[in-house]
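Below is one structure, written out as structure tokens, with a few remarks after it.
Coordinate-derived values only; no laboratory data. Remember, it's a predicted structure, so these values are computed and weren't measured experimentally. Note that we place each Cβ from the backbone using ideal geometry, even for glycine, and neighbour counts take in every protein chain shown.
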Amino acid sequence: MNVLFIEDDRMNRRVVKDMLDVAGATMDEAESAELGLEAIAAKDYDMLLVDLRMPGMDGITAIRHIRERGDAKGATPIIVITADTAVDLRERCLEAGADEVLFKPVAMDALFDAMGRILARGAGGGVIG
């Protein structure tokens, strides 16, 4: 499984990369939403992990841009990983097109469970965990 994590914090990217390494997944990194959109345009991913609060474009706007694509990349599963605790946050993320929302600090089992739910819903992809 090839994953892109769009997250401005290097340490958060490292922690998630270590988790995905355990499952045998590969992870590319993008330090901003803009760089993430460029990465998606250049390469196919099985899943996207997206932070919400980043300098420049925020994660919800990035998710909307991804979903507005007119190709298969626009349907790539998206998991939001955020420290934001706004009351309506989950609903806003799902409305923008996210498949799952996880809150930091994310536990490995929660990440793998979310990835597994997404794979079970749709795609016949690999097994995580």
Cross-link reach list, lysines versus Lys17, counting only Cα pairs under 17 Å and skipping chain neighbours closer than eight places | Lys104
Would you calculate a helix-derived [θ] at 222 nm for the chain, using -39,500 (n - 2.57) for each DSSP H run of n ≥ 4 and dividing by the full residue count, to the nearest 500?
-> -13000 deg cm²/dmol
Pick out which of Thr76, Thr61, Thr85 has the largest mean-square fluctuation in a Gaussian network model of the chain, springs linking Cα atoms closer than 10 Å.
-> Thr85
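Cβ under 13 Å from Asp58's Cβ, Asp58 left aside: what net charge do those residues give with Lys, Arg +1 and Asp, Glu -1?
That sum, taken over residues with Cβ under 13 Å, equals -2.
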Putting +1 on Lys and Arg Cβ atoms and -1 on Asp and Glu Cβ atoms, find which of Gly70, Asn12, Leu37 reaches farthest to the positive end of the dipole of the chain.
-> Gly70
Would you mind calculating the relative contact order of region 47-129 from Cα pairs under 8 angstrom and at least 6 residues apart, reporting the percent as a whole number?
-> 26
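What longest range of the chain stays clear of loop-exposed trypsin sites (Lys or Arg not before Pro) (DSSP non-H/G/I/E/B, at most 14 other C-beta within 10 angstrom)?
Free of exposed loop sites, the longest segment is 70-129.
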Report the charge-dipole magnitude of region 2-118 in Debye, nearest 20, computed about the Cα centre from +1 at each Lys and Arg Cβ and -1 at each Asp and Glu Cβ.
-> 40
With a ≥ b ≥ c taken as the square roots of the eigenvalues of the C-alpha gyration tensor of region 74-116, please select rounded if a/c is under 1.5 and otherwise prolate if a/b is larger than b/c or oblate if it is not?
-> oblate
Of the convex hull drawn through the C-alpha atoms of region 2-118, the volume per residue in Å³ is 92
